[in-house]
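Everything on this sheet refers to the single structure shown next.
Nothing in this text is a laboratory measurement; each read-out follows from the coordinates by a stated rule. In this text, all values refer to a predicted model and were calculated from it rather than measured experimentally. Cβ coordinates were reconstructed from backbone atoms using ideal geometry, including for glycine residues, and neighbour counts include every protein chain displayed.
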Amino acid sequence: MTLRLSAATYRYAGARRNALDGVDLELSAGTVLGVVGPNEAGKSTLCLVASGLAPVVVAGRLSGSVTIDGRETTDMRPHELAQRCGILFQNPQAQLSGTAATVFEEIAFGPRNLGLSLSTVIQRIAACLEALGIAALADRDPARLSGGQAQLVALAAILALEPDFLILDEPTSQLDPQGTRLVGEALRRLVGERRTAILVVEHKTALLDRLADRVVVVDEGRIVREGPTADVLDDPMLPRHGVEPPPRVRVRSALTAAGMGTPAATDLLMAELAS
Amino acid sequence: MAWLSRQFSTRVIVLIPIAIAINIVLGYTVQTILKLPIYLDSIGTILVGVLAGPIAGALTGILSNLIWQYAPVIGGGTIGPFAITAGVIGFLAGIWGQLGVYRSRPATGRQLILFSVVAAVLVVALVVPILGNPAYTNPDIGGYPDWVYTAAVVIAIVAAVAVAAFIYLRRDLAGFWVAIAGVVTGVAAAFVSAPIAAIAFGGVTGSGTDLLVAALRQGGSDVMSASLGQGLFSDPIDKTITSFVVFIILGGLSGRLLARFPLGERLVRDRAA
Amino acid sequence: MRPERGLDPSVANREGAAAGLPAYVLRVPTGTYRSLNPFTKSVIALSSAIVAFGVRGWTGPLIVLALTAAIAAIAGVTRSLRRFVLATIPIVVSILLVNAFLYPGATDVLFTVGPFAATGTGVTVALQATLRVVAFALSVAVFSLTTATDDFLADLEHRGTGRRLTFVVGSAIGMIPAMASRATEIVEAQRARGLDTEGSIRRRIRGIVPLAGPMVFGALSEVEERTVALEARGFSAPARRTVMRILPDSGLQRALRWFVGLGSIVAVAASIAGRFPLP
């Protein structure tokens, strides 16, 4: 089960520059890949291209290849892509259908579109509510939820299509700390229990620190750094690419700069911060 | 059939409810909060027509009126039966969209001055049939009272200057075509609304322009003519203003965004960027 | 759109209940009139509207008004109708004044007010037109007050309306409150900046662009994201959409719909042909 981009280059219709330039990327089952980079670097484009929605839904030209389990995304219709690769954006309310009276019906939206039998639809809804721990929200009005709750509902709605891959474009950027925590925990559970492969674009590097196995840095449509999370986030050139390192790295740099960077002291502090 | 389903891509299906909500909320706000004698409840309809074609535009107009009639909290009133008019407005907007009426046409120098002047002349010329037509000046047949003539002339001159200035200052010939589209749409709307108002509402519309209806009747016009006379006065003004508002809005949207709509290509062909 | 507790679901929607749909999803409405199938209520409203406008004379609008008042009483929404009645006042005033005093060709003067003479013909027309307008507005209002939007749309979809039309209507109605509060915010901000919503026309016109602009651009900016989100939920899948909520219906209601629907069409046809027996 692999999502692979090979030399993927993408230009939006009517644009003058490539938004993505020769990107090579691989996402496999049960792993979490973090994506960081400055604004307008092409991270959102990467999400759309990886999920196949670009160029299938969002007009543009793709060179190179994007395959899901060997099959080109350009050969698939949007609803086939949706069942393989789910995608979540920043603004929860823009992703909810706005036509459901309860969270239950909101999550039912996707499976119903596919024409699944009613019992299958109900099963899937129950499974998603369970997986994200939001069964208590099932009878609530989606328009009246907090940001974090709404984002979880949007995530559940995507998961109801049972995709193997999950792509998240800054899912916590419009959430408060509690909402961020809710979403982070839910994602961790997904990876552990369902072996979902996750690609998550985030500015909150502390979140990636805890969640991601590997991290790539995207700048000007290209991947400029790639590797295990700890290595990439510790890399001192990170700020040059408009990425703020996680607190533990910043604290350690500050201590080192102040001449207090003894291994014992920093280890103690990092252990404190991690708990 | 493929042409029809292209008009209703998912993107258009997303745009239409947004346009309907814009129609209703703007129309409601202008009517009740700003209390202006114009409607501005067709901006969404015309926008959809220009971007997605005649059927989509007509559907937007019709649904806007029906939903507004039915909607909880702000519903009610008498807007429902005029869904037919709204459908016509949306349909025409789709035609203008196909013809590329709202496309920017940068121009300079003599061509620019020529179009500005011709536009001004045409606007003023619109009033001439009212002034010259014996049916309107013969007191026995009935027609507009004096104050309407003065008002018509004043409005025509102001509109002529405004349209000419718009074309000249923006260095864009599109204003010329947008004005024509607006007036034609307004005239069509008047002709479609008159029988609806006459049959369903005793010849009035419930807005301030009913003073005009009263004045026309006092001059001797029958119910239908009075309705039509009122419509021909207010609708072209309202729809032309709305058309220019839509034109300005379209100008502010990025070419990338527009190109994704079925008729978006026709809007961006000659754009500088 | 708060879900209400309803009838015993096993009575109303056996398949849904058997499959395990919770009661807050089945949401079967209670109340003599409210529990009628939404399609039935809409046929009643539509037929009322057709008769109100299409049957000339007094009988048509009066019957519709009586029927609407009865339904409102049964359903307990008479109080809420007041708002809808108030909304018709501007046009009613216009209709009454313009037609009573200025009806073309009428000579049977009843009384005069200054230079204006009210004619019998004019007053008749004015009153009839008023009745029609009020009858129409109220029959739609009663429908709106006794039928939840998502019930109506769920039923329509069950009867074969495509998912796209259902989505368009549902989404538009759902969007109005949020957009209305955005508009109010903008107007308030403009007021704070000096826009005079009570002042001269020129000032108010100048207030439109700062209102229309942000509102329209803000709304349009969401189009792309919403489109992608819908596709990501399989919106354009070719399958027949799974039916989830089924509102109860009955043979009696079906017969009622045919009776009312055909009856209204026949009445209008008779009226147009000049053969309607009542005044």
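Kyte-Doolittle mean at least 1.6 and Cα extent at least 27 Å along the axis: which DSSP H helices of chain B qualify?
On the way: long enough: B:10-28 (28 Å, 2.04); B:109-132 (34 Å, 2.27); B:146-170 (36 Å, 1.90); B:174-201 (38 Å, 1.99); B:223-252 (43 Å, 1.06).
Both cut-offs are met by B:10-28, B:109-132, B:146-170, B:174-201.
Output the relative contact order of chain A, whole-number percent, from Cα pairs under 8 angstrom with separation of 6+ residues. Write down the numbers at each step before the final one.
Working: 509 pairs, mean separation 66.7, N = 275.
Contact order relative to length: 24 percent.
Hey, in the GNM for chain C with a 10 angstrom Cα cutoff, which one of C:177, C:22, C:115 fluctuates hardest?
For chain C, modelled as a Gaussian network with Cα springs under 10 Å, the answer is C:115.
Quick one: dipole size for the stretch A:2-244, taken about the Cα centre, charges +1 on Lys/Arg Cβ and -1 on Asp/Glu Cβ, in debye to the nearest 20.
Working: 24 positive and 30 negative charges, 81 e Å.
Approximately 400 debye in magnitude.
What aspartates and glutamates does residue B:239 reach when the alpha-carbon gap must be under 12 Å and sequence neighbours fewer than 8 apart in one chain are set aside?
Straight-distance partners of residue B:239: B:41.
Angle between the Cα long axis of helix A:177-194 and the longest principal axis of chain A, 0 to 90 degrees, nearest 10?
The angle comes out near 70 degrees.
Which whole number gives the average count of other chain Cβ atoms within 10 Å of the Cβ atoms across peptide C:155-168? Intermediate results must be reported in sequence, preceding the final value.
On the way: counts 0, 0, 1, 0, 0, 0, 0, 1, 4, 6, 5, 1, 9, 14.
That works out to 3 on average.
Pop the C-beta distance of residue B:146 and residue C:97 into the FRET formula with R0 = 22 Å and round what comes out to the nearest 0.05.
Details: r = 21 Å, r/R0 = 0.97.
Calculated value: 0.55.
List the residues whose amide H sits under 5 Å from the amide H of residue A:167, counting only those 5 or more places along or on another chain, with H placed 1.01 Å from N in the peptide plane.
Sorted by chain and number, the residues that satisfy this are A:86, A:87, A:88, A:199.
For chain C, set up a Gaussian network in which alpha carbons nearer than 10 Å are linked by springs, and say which option among C:28, C:93, C:43 fluctuates the most.
Highest fluctuation of the listed residues: C:93.
Once you put a point 7 Å from the Cα of residue A:224 and another 7 Å from the Cα of residue C:178, both along the Cβ direction, what distance in nm separates them?
3.5
For residue C:110, list long-range residues whose amide hydrogen, built 1.01 Å from N in the peptide plane, is under 5 Å from its own amide hydrogen.
Sorted by chain and number, the residues that satisfy this are C:118, C:119, C:120.
Using a 10 Å cut-off around each Cβ of peptide B:250-260, what is the average number of partner chain Cβ atoms that fall inside?
Working: counts 0, 0, 4, 4, 2, 3, 8, 5, 1, 5, 10.
Across B:250-260, the average partner-chain Cβ count within 10 Å equals 4.
Could the peptides A:226-233, C:149-156, C:254-261, C:224-231 be put in order, highest first, of the mean number of other beta-carbon atoms found within 10 Å of their residues?
On the way: A:226-233: 16.6, C:149-156: 20.9, C:254-261: 14.2, C:224-231: 22.6.
The densest-packed peptide leads the list: C:224-231, C:149-156, A:226-233, C:254-261.
If one puts a single equal scatterer on every Cα of the protein assembly as shown and applies the Debye formula without solvent, what log₁₀ I(q)/I(0) results at q = 0.10 Å⁻¹?
-1.14
Percent antiparallel among DSSP beta bridges with both residues in the stretch A:167-275, to the nearest 5? Don't jump to the answer; show the numbers that get you there.
Values: 6 of 9 bridges.
Roughly 65 percent of the beta bridges in the stretch A:167-275 run antiparallel, per DSSP.
Taking the Cα centre of chain A as the origin and placing charges on Cβ (Lys, Arg +1; Asp, Glu -1), which of A:91, A:247, A:183 is farthest toward the positive end of the dipole?
It is A:91, whose Cα lies furthest towards the positive end.
Which of C:75, C:172, C:118 ends up with the largest GNM mean-square fluctuation for chain C, with Cα atoms connected below 10 Å?
Answer for the Gaussian network model of chain C: C:172.
For the pair residue A:120 and residue A:271, how long in nm is the line joining their label points, each one 7 Å along Cα→Cβ?
Distance between label points: 5.3 nm.
Estimate the FRET efficiency between residue C:222 and residue A:264 by the formula 1/(1 + (r/R0)^6), using the beta-carbon distance for r and 60 Å for R0, to the nearest 0.05. Spell out each step's value before the answer.
Numbers: r = 53 Å, r/R0 = 0.88.
The calculated FRET efficiency here is 0.70.
What are the residues whose amide H is under 5 Å from the amide H of residue B:221, where those residues sit 5 or more places off or on another chain and H is modelled from the backbone?
Close amide H contacts, sequence-distant or interchain: B:143.
Report, in cubic angstrom per residue, the convex hull volume of the C-alpha atoms of the stretch A:2-244.
On the way: hull volume 28.2 nm³, N = 243.
Spread over its residues, the Cα hull of the stretch A:2-244 gives 116 Å³ apiece.
Let me have the 222 nm mean residue ellipticity of the protein assembly as shown computed from DSSP H runs of 4+ only, each contributing -39500 (n - 2.57), with the sum over all residues rounded to the nearest 500. Don't jump to the answer; show the numbers that get you there.
Details: 39 runs with 505 residues, N = 827.
The helix-only estimate for the protein assembly as shown comes to -19500 deg cm²/dmol at 222 nm.
Calculate the mean, over all residues of peptide C:97-107, of how many other protein chain Cβ atoms lie within 10 angstrom of the residue's Cβ.
Working: counts 3, 12, 8, 1, 3, 11, 5, 13, 3, 0, 0.
Taking the mean over all residues of the peptide, I get 5.
Using only alpha carbon pairs under 8 Å that are at least six residues apart, calculate the relative contact order of the stretch B:109-251 and give it in whole percent. Before the final figure, lay out each step's value.
Values: 171 pairs, mean separation 40.6, N = 143.
Reported as a whole number, the value is 28 percent.
Taking the highest mean first, how do the peptides B:120-126, A:145-151, A:3-9 order by number of other beta carbon atoms within 10 angstrom per residue? Could the numbers behind the result be given before it?
Numbers: B:120-126: 16.6, A:145-151: 21.4, A:3-9: 18.9.
The packing order, highest mean first, is A:145-151, A:3-9, B:120-126.
Report the Cα-based extents of the stretch B:2-99 along its three principal axes, largest first, to the nearest Å.
Answer, in whole Å and largest first: 41, 25, 21 Å.
Just to be sure I understand: of the beta bridges DSSP finds with both ends in the protein assembly as shown, what percent are antiparallel, rounded to 5? Display every interim value, and only then the final one.
Numbers: 27 of 44 bridges.
Of the beta bridges lying entirely in the protein assembly as shown, close to 60 percent run antiparallel.
Which whole-number percentage describes the relative contact order of chain C, with Cα contacts under 8 Å and a sequence gap of 6 or more? Mind showing how you got there, number by number?
Working: 275 pairs, mean separation 78.4, N = 279.
Taking the mean separation of contacting Cα pairs over the length of chain C, I get 28 percent.
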